[in-house]
Amino acid sequence: MSNRVIFLLFSSFFLALPVLGQSGLQDPSEFLGFELGSRFSRHSAVVDYFKHVESNSDRVQLVSYGQTNEGRPLMVAFVSSSKNMARLEDIRRNNLRLAHLDSGAIEGETLPIVWLSYNVHGNESNSTEASMATLFALVDPNNESSQKWLENTVVVIDPAINPDGRDRYANWFNMMVGTSFNLDESAVERDEPWPGGRTNHYYFDLNRDWSWQSQVETQQRVALYQQWMPQVHVDFHEQGVNNPYYFAPASEPIHQEVTAWQREFETVIGRNNAKYFDENGWLYFTKQQFDIYYPGYGDSFPMFNGAIGMTYEQAGGGGAGLAVLTVEGDTLTLLDRLTHHTTTGLSTVEMASVHHDRVLKEFATYFDNAVSKRSGDYGSYVVHASTPGNRVAELRAHLDRLGIQYGRATTSSKADGYDYRSSKNGKFNVEAGDLVIPALQPRAVLTRVLFNPWTPISDSLTYDITAWALPYAYDLDAVATKTPVSMEAWADVSVESTNYSEAPVAFVVRWDDAGDVAFLADLLKQEVRVRYATRAFEVDGEAFEPGSLVITKASNERFGASFQSKIAAIAHKHVQQLTGISTGFVEKGPDLGSGDFQYIKAPKVAVAFGDGTSSSGVGEVWHWFDQVIDYPLTRFSADRFSSLDLDDYDVLILPSSVSSMLSESGLEKVSSWVRAGGRLVATGSGASALADKKGFSLTFKQADKKADSTATATARTKRYEDRSRDRAPESNPGSIFRVQVDNSHPLGFGFGDESFVLRSRSDHPAIMKGGSDWNVGVVEKNGKVSGYSGYLAEKNIEGSLAFGVQNMGRGTVTYLLDNPLYRGFWNSGKMLFGNAVFLVGQ
């Protein structure tokens with residue numbers, strides 16, 4: 001089927017296309033040399049096509065906004081009328097002025113901006129093909145409909161949010177497919193190999209990362225997004241082959257911060273989409289499955305930034321290839337899939353154009369309210385400057401990426417509010433210099449979403465985790481105050497990175513935040529000899545807690561006269577406060593030469609990788625070593641574990657889902673290595689896989705399923721239509737729990753007596769009872785502080801193990817039951833993981 005016939009499918013969007021009036025402009029099929037939808041285009045060819053259109057149309061301007069980990073370009077195309085393109089910067093600044101994000105008066109006409117994002121999941125790959133069809137449809141000079149829309153609308157097209165994942169899938173599929181596609185469901189081109197193309201280079205799901213920005217693609221994209229702040233954003237996806245098409249309105253639960261206007265207009269757009277689908281006899285569904293609650297998605301994050309954020313899901317996915325048989329026996333082709341996505345994309349632009357005045361009016365009202373009308377329980381969110389380490393600075397960097405405003409408390413005062421650490425309401429101290437995040441600001445809604453300690457949920461059947469408040473993720477000493485706290489603009493206070501006057505006998509660095517791990521890793525890579533304190537000590541009037549790093553001059557004599565400058569340079573690089581001490585004879589606690597200062601041997605670390613492991617679990621570990629602490633990591637194929645010489649490594653990491661390694665012989669191999677001095681670190685389901693295995697102390701609590709007095713009656717009267725809710729009492733999609741920490745153990749170094757974990761597991765690890773077992777982190781009674789969990793799940797989670805260490809022979813097994821590197825955003829988990837890798841078992 002020709003590309004021109006494809007466009008005729010879009011019903012009333014197009015008239016028959018005559019010879020193009022604009023010399024040189026080609027449609028995608030003409031440019032690519034094959035019919036769009038007959039094969040998958042490589043990212044480089046997509047980029048070339050977008051450049052071709054820019055060169056042959058005065059309605060398009062390409063903007064590069066970065067590159068991926070693998071070096072592929074990231075770009076967007078701005079599309080509008082030639083008149084609008086000539087004043088694009090004015091339109092951008094006017095839009096920011098509507099949002100109170102730019103100063104000055106609006107100059108000239110303001111236009112709505114529609115942002116279309118394609119291929120965030122690399123193997124949901126029809127959408128990049130659809131982006132080319134959509135671009136051509138918009139710029140085609142013979143298309144009267146699109147030319148009319150572009151008179152009062154700006155469209156932004158991002159053809160591939162995740163080019164690395166897309167090319168991983170497309171290149172593999174093009175290599176596997178024959179001259180014709182094969183509809184047999186057992187055909188090799190339907191059996192996508194590990195890790196699949198869904199995720200980015202580090203196997204992160206970029207559609208969970210919008211608010212956290214742990215990945216370079218997200219950081220670069222959101223930075224550009226915030227320079228424009230569109231009124232409408234669409235995130236294009238694919239779903240199971242037998243689910244025809246989903247578009248908004250969204251399903252419950254819908255976050256309470258979504259406005260009535262946002263709900264109304266996504267319905268307006270949905271009805272317009274439905275009109276074209278009905279005309280063509282295409283099936284679809286709305287108001288089911290895809291909610292607006294978790295803030296990391298490509299629909300929710302724009303929604304919490306004032307846009308109409310929507311997900312569009314086409315039947316297909318990686319297993320659909322070029323064509324696939326549905327359950328009804330119909331053939332669903334790549335051409336069908338891209339046609340549907342092109343239709344909804346254009347339909348969305350049409351509605352923004354038709355309702356442009358209302359769209360702009362409501363957008364302005366949204367931000368006028370944000371800066372002037374108090375909403376919610378709190379006037380400010382205050383993070384105490386006394387919070388240990390660089391945690392406040394790490395939070396500020398995150399706020400800067402999000403565009404959330406903050407300042408510094410001008411005076412000390414008392415304020416009514418809610419204390420995150422204790423989960424209590426009361427009157428709390430605010431000290432001059434504390435970080436203050438005001439509730440009234442342009443991004444007020446996003447601020448409330450990310451800082452409110454608790455968010456009501458309208459339906460427990462949600463698509464994702466239900467808790468994420470940043471004060472818990474960063475383990476901060478913070479309060480949410482009922483009234484605004486007086487503040488001034490933030491200005492960094494200059495702090496000397498070194499604290500000594502004469503040549504010290506040693507440097508000490510406190511161990512109290514996630515950034516300290518990167519500092520230690522750098523020292524070890526540069527062959528600096530480091531020790532850590534296993535007990536508190538005091539010297540030269542300075543008190544230091546267990547975990548503090550000690551770098552003695554005597555142990556590093558090979559650096560000679562450069563010792564002091566070398567350590568100072570590494571400390572400056574990692575924003576660390578060096579304290580020089582004049583003597584090893586301490587005032588309280590052990591002296592520096594004591595065995596209570598443990599030498600840290602630079603560990604050789606390996607992690608299971610490939611088939612039989614969770615790609616996301618492996619990716620989180622790989623990313624942490626590669627991008628966060630920059631320390632060597634060996635990834636070995638899990639299916640070759642039997643031939644791996646474990647004696648070559650000091651630390652072995654078992655990420656989630658490592659069943660292929662844990663046969664009886666595999667377990668014995670691991671156990672023997674640990675008993676001989678190896679250090680095993682098991683996270684998430686990797687830890688669960690060791691439960692009840694010979695020699696391992698981990699077990700699981702027997703779930704309390706005690707029926708209440710109405711259970712029998714409920715069983716008689718329950719309805720089949722409610723079957724999806726049967727397990728709700730035992731469900732825990734993702735909630736935050738308070739954990740009691742033994743911070744005298746190396747796994748707990750740097751933490752206070754309490755911390756927080758994000759738990760999304762439905763089983764419940766029991767307290768270990770062996771004489772050589774250490775239950776370092778245990779969920780407290782009534783420990784849930786945020787999120788939804790069923791009453792049975794909550795009861796079972798209380799008193800369960802969060803993290804602990806089993807001494808086995810001369811080695812150790814560290815169990816991290818709640819993945820500390822989850823999605824790269826649980827910041828305190830990074831310190832916990834660093835303790836497990838570098839300190840435990842030394």
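The values are calculated or read from the model by the stated rules, or taken from the named source; none is laboratory data. Remember, it's a predicted structure, so these values are computed and weren't measured experimentally. A quick note on method: Cβ atoms are made from the backbone with ideal geometry, for glycine too, and the neighbour counts reach across all protein chains shown. Ligands, DNA and RNA are excluded from the accessible area calculation, which covers all protein heavy atoms including side chains. Shrake-Rupley method; radii C 1.70, N 1.55, O 1.52, S 1.80 Å.
Being touching a Pro at 6+ places or on another chain (Cβ under 8 Å) and surrounded by 16 or more Cβ atoms within 10 Å (Cβ to Cβ) is true for just one of Lys566, Lys553. Which residue is that?
Details: Lys566 fails: touching a Pro at 6+ places or on another chain (Cβ under 8 Å).
The conditions single out Lys553.
What's the number of the condition Ser38 fails, among (1) within 20 Å of Asp167 (Cα to Cα); (2) open to solvent by 70 Å² or more (accessible area, probe 1.4 Å); (3) not aromatic (Phe, Trp, Tyr)?
For Ser38, the failing item is (2).
For Lys148, only one of the following conditions fails: (1) open to solvent by 50 Å² or more (accessible area, probe 1.4 Å); (2) in contact (Cβ under 8 Å) with a residue 12 or more places away in the chain; (3) under 34 Å from the mean Cα position of the chain (by Cα). What is its number?
Unmet condition: (3).
Looking only at the range 381-435, count every residue that is touching a His at 6+ places or on another chain (Cβ under 6 Å) and within 30 Å of Leu224 (Cβ to Cβ) and tell me the total.
Of the residues in the range 381-435, 0 are touching a His at 6+ places or on another chain (Cβ under 6 Å) and within 30 Å of Leu224 (Cβ to Cβ).
Quick check on Gly165: is it in a loop (DSSP other than H, G, I, E, B), surrounded by 24 or more Cβ atoms within 10 Å (Cβ to Cβ) and touching a residue at least 40 places away in the same chain (Cβ under 8 Å)? It would help to see each step written out before you state the result.
Details: in a loop (DSSP other than H, G, I, E, B): no; surrounded by 24 or more Cβ atoms within 10 Å (Cβ to Cβ): yes; touching a residue at least 40 places away in the same chain (Cβ under 8 Å): yes.
Here the answer is no, as Gly165 does not meet what is asked.
What is the number of the single condition among (1) of a type in the set (Ser, Thr, Tyr); (2) more than 26 Å from the chain's Cα centre (by Cα); (3) under 24 Å from Ser614 (Cα atoms) that Thr814 does not meet?
It fails just one condition, (2).
Six or more apart or on different chains, Cβ under 6 Å: which pairs go from a residue in the range 798-811 that's among the acidic types (Asp, Glu) to one that's open to solvent by 30 Å² or more (accessible area, probe 1.4 Å)? Could you list them?
Cβ pairs passing all conditions: Glu798/Lys781.
Every residue in the range 565-594 that is touching a residue at least 60 places away in the same chain (Cβ under 8 Å) and over 39 Å from the mean Cα position of the chain (by Cα), please.
At the first step, the residues of the range 565-594 found to be touching a residue at least 60 places away in the same chain (Cβ under 8 Å) are 567-568, 571-572, 575-584, 592.
Residues satisfying the conditions are Ile581, Ser582, Thr583, Gly584, Leu592.
Taking the range 430-450, which residues are closer than 25 Å to Gly515 by Cβ and crowded, with 22+ Cβ neighbours inside 10 Å?
Passing the criteria: Asp434, Leu435, Val436, Ile437, Leu446, Thr447, Leu450.
Condition first: acidic (Asp, Glu) and either within 22 Å of Ala514 (Cβ to Cβ) or assigned to a loop (DSSP other than H, G, I, E, B) (or both). Now tell me which residues in the range 556-589 satisfy that.
Of the range 556-589, the ones acidic (Asp, Glu) are 557, 587.
Selection gives Glu587 alone.
Have a look at His356, His398 and point out the one that is closer than 22 Å to Ile736 by Cβ and in contact (Cβ under 8 Å) with a residue 24 or more places away in the chain.
On the way: His356 fails: closer than 22 Å to Ile736 by Cβ.
Answer to the selection: His398.
Val241 - would you say it is part of a loop (DSSP other than H, G, I, E, B) and modelled with pLDDT of 95 or more? Walk me through it before giving the result.
Working: part of a loop (DSSP other than H, G, I, E, B): yes; modelled with pLDDT of 95 or more: yes.
In short, yes.
From the list Asn84, Asn95, Asn126, pick out the single residue that is closer than 30 Å to His623 by Cβ, crowded, with 17+ Cβ neighbours inside 10 Å and either of a type outside the set (Asp, Glu) or within 29 Å of the chain's Cα centre (by Cα) (or both). Write out each step before concluding.
On the way: Asn84 fails: closer than 30 Å to His623 by Cβ; Asn95 fails: closer than 30 Å to His623 by Cβ.
One residue alone meets the criteria, Asn126.
On the basis of being among the polar types (S, T, N, Q), open to solvent by less than 10 Å² (accessible area, probe 1.4 Å) and touching an Asp or Glu at 6+ places or on another chain (Cβ under 8 Å), does Thr481 make the cut?
Numbers: among the polar types (S, T, N, Q): yes; open to solvent by less than 10 Å² (accessible area, probe 1.4 Å): yes; touching an Asp or Glu at 6+ places or on another chain (Cβ under 8 Å): yes.
For Thr481, the condition - among the polar types (S, T, N, Q), open to solvent by less than 10 Å² (accessible area, probe 1.4 Å) and touching an Asp or Glu at 6+ places or on another chain (Cβ under 8 Å) - is met.
From Gln227, Gln231, Gln220, which residue is touching a Gly at 6+ places or on another chain (Cβ under 9 Å), touching a residue at least 60 places away in the same chain (Cβ under 8 Å) and either among the aromatic types (Phe, Trp, Tyr) or surrounded by fewer than 19 Cβ atoms within 10 Å (Cβ to Cβ) (or both)?
Step by step, each of Gln227, Gln231, Gln220 is checked, and only Gln220 is touching a Gly at 6+ places or on another chain (Cβ under 9 Å), touching a residue at least 60 places away in the same chain (Cβ under 8 Å) and either among the aromatic types (Phe, Trp, Tyr) or surrounded by fewer than 19 Cβ atoms within 10 Å (Cβ to Cβ) (or both).
Could you go through the range 694-713 and let me know if any residue there is modelled with pLDDT of 90 or more, open to solvent by less than 20 Å² (accessible area, probe 1.4 Å) and under 32 Å from the mean Cα position of the chain (by Cα). Show your work before the answer.
Initially, the range 694-713 is screened for residues modelled with pLDDT of 90 or more, giving 694-700.
Add one more test, that the residue is open to solvent by less than 20 Å² (accessible area, probe 1.4 Å), and what stays is 696, 698.
Subsequent filtering for residues that are under 32 Å from the mean Cα position of the chain (by Cα) retains 698.
Yes, because at least one residue in the range 694-713 is modelled with pLDDT of 90 or more, open to solvent by less than 20 Å² (accessible area, probe 1.4 Å) and under 32 Å from the mean Cα position of the chain (by Cα).
When you scan the range 168-181, how many residues do you find that are open to solvent by 70 Å² or more (accessible area, probe 1.4 Å) and part of a loop (DSSP other than H, G, I, E, B)? Break it down stepwise before answering.
Looking only at the range 168-181, we keep the residues that are open to solvent by 70 Å² or more (accessible area, probe 1.4 Å), and these are 175, 179-181.
When the remaining residues are screened for being part of a loop (DSSP other than H, G, I, E, B), the result is 179-181.
Total satisfying the criteria: 3.
Residue by residue through the range 780-800, note down the ones that are closer than 21 Å to Tyr463 by Cβ and either open to solvent by 30 Å² or more (accessible area, probe 1.4 Å) or of a type in the set (Asp, Glu) (or both).
Of everything in the range 780-800, those that are closer than 21 Å to Tyr463 by Cβ and either open to solvent by 30 Å² or more (accessible area, probe 1.4 Å) or of a type in the set (Asp, Glu) (or both) turn out to be Lys784, Tyr788, Glu794.
Yes or no: the range 258-278 includes at least one residue that is part of a loop (DSSP other than H, G, I, E, B), open to solvent by 10 Å² or more (accessible area, probe 1.4 Å), farther than 25 Å from Asp377 by Cβ and not acidic (Asp, Glu).
Taking the range 258-278 as the starting set, the residues that turn out to be part of a loop (DSSP other than H, G, I, E, B) are 258-259.
Now narrow it down to the ones that are open to solvent by 10 Å² or more (accessible area, probe 1.4 Å): 258-259.
This time we only want the ones that are farther than 25 Å from Asp377 by Cβ, so: none.
Within the range 258-278 (the criterion being part of a loop (DSSP other than H, G, I, E, B), open to solvent by 10 Å² or more (accessible area, probe 1.4 Å), farther than 25 Å from Asp377 by Cβ and not acidic (Asp, Glu)), the answer is no, since none of the residues qualifies.
Please go through the range 98-115 and give me each residue that is more than 17 Å from Thr153 (Cβ to Cβ), open to solvent by 10 Å² or more (accessible area, probe 1.4 Å) and at pLDDT 95 or above, ordered by number.
His100, Leu101, Asp102
Given Thr365, Thr331, which one is open to solvent by 10 Å² or more (accessible area, probe 1.4 Å) and either farther than 26 Å from Ile113 by Cβ or not β-branched (Val, Ile, Thr) (or both)?
Working: Thr365 fails: either farther than 26 Å from Ile113 by Cβ or not β-branched (Val, Ile, Thr) (or both).
Among Thr365, Thr331, only Thr331 is open to solvent by 10 Å² or more (accessible area, probe 1.4 Å) and either farther than 26 Å from Ile113 by Cβ or not β-branched (Val, Ile, Thr) (or both).
Select, from Leu325, Leu338, Leu360, Leu346, the only residue that is within 27 Å of Ser145 (Cβ to Cβ) and out of contact with any helix residue (DSSP H, G or I) (no Cβ under 6 Å at 6 or more places or on another chain). Break it down stepwise before answering.
Values: Leu325 fails: within 27 Å of Ser145 (Cβ to Cβ); Leu338 fails: out of contact with any helix residue (DSSP H, G or I) (no Cβ under 6 Å at 6 or more places or on another chain); Leu346 fails: out of contact with any helix residue (DSSP H, G or I) (no Cβ under 6 Å at 6 or more places or on another chain).
On inspection, the qualifying residue turns out to be Leu360.
Being assigned to a strand (DSSP E or B) and open to solvent by 60 Å² or more (accessible area, probe 1.4 Å) is the filter here, so list the residues in the range 724-741 that pass it. Break it down into steps so the answer makes sense when it comes.
The first filter runs over the range 724-741 and keeps only residues assigned to a strand (DSSP E or B), leaving 735-741.
Selection gives Gln740 alone.
Of the conditions (1) under 30 Å from Val628 (Cα atoms); (2) open to solvent by 10 Å² or more (accessible area, probe 1.4 Å), Leu206 fails just one. Which one is it?
(2) is the only condition that Leu206 fails.
Which count do you get for residues in the range 52-76 that are farther than 27 Å from Gly321 by Cα and under 31 Å from the mean Cα position of the chain (by Cα)?
6
Kindly establish whether Ser423 is surrounded by 20 or more Cβ atoms within 10 Å (Cβ to Cβ) and either farther than 30 Å from Asn272 by Cβ or at pLDDT below 95 (or both). Write out each step before concluding.
Values: surrounded by 20 or more Cβ atoms within 10 Å (Cβ to Cβ): no; either farther than 30 Å from Asn272 by Cβ or at pLDDT below 95 (or both): yes.
No.
Determine whether the range 498-510 contains at least one residue that is within 30 Å of Phe833 (Cα to Cα), open to solvent by 80 Å² or more (accessible area, probe 1.4 Å), at pLDDT below 95 and within 31 Å of the chain's Cα centre (by Cα). Working first, answer last.
Here is the first cut: in the range 498-510, the ones within 30 Å of Phe833 (Cα to Cα) are 498-499, 506-510.
Retained after the next criterion (residues that are open to solvent by 80 Å² or more (accessible area, probe 1.4 Å)): 510.
When the remaining residues are screened for being at pLDDT below 95, the result is none.
No, the range 498-510 contains no residue that is within 30 Å of Phe833 (Cα to Cα), open to solvent by 80 Å² or more (accessible area, probe 1.4 Å), at pLDDT below 95 and within 31 Å of the chain's Cα centre (by Cα).
Is it the case, given these coordinates, that Tyr366 is closer than 11 Å to Val485 by Cβ and aromatic (Phe, Trp, Tyr)?
Details: closer than 11 Å to Val485 by Cβ: no; aromatic (Phe, Trp, Tyr): yes.
No: the conditions fail for Tyr366.
Kindly check whether there is at least one residue in the range 426-444 that is more than 16 Å from Gln256 (Cα to Cα), without any contact (Cβ under 8 Å) to a residue 40 or more places away in the chain and touching an Asp or Glu at 6+ places or on another chain (Cβ under 8 Å).
Among the residues of the range 426-444, at least one is more than 16 Å from Gln256 (Cα to Cα), without any contact (Cβ under 8 Å) to a residue 40 or more places away in the chain and touching an Asp or Glu at 6+ places or on another chain (Cβ under 8 Å), which makes the answer yes.
Which members of the range 46-78 meet the condition of being aliphatic (A, V, I, L, M) and farther than 20 Å from Glu217 by Cβ?
In the first step, residues of the range 46-78 are kept if they are aliphatic (A, V, I, L, M); the result is 46-47, 53, 60, 62-63, 74-77.
Across the range 46-78, the qualifying residues are Val53, Val60.
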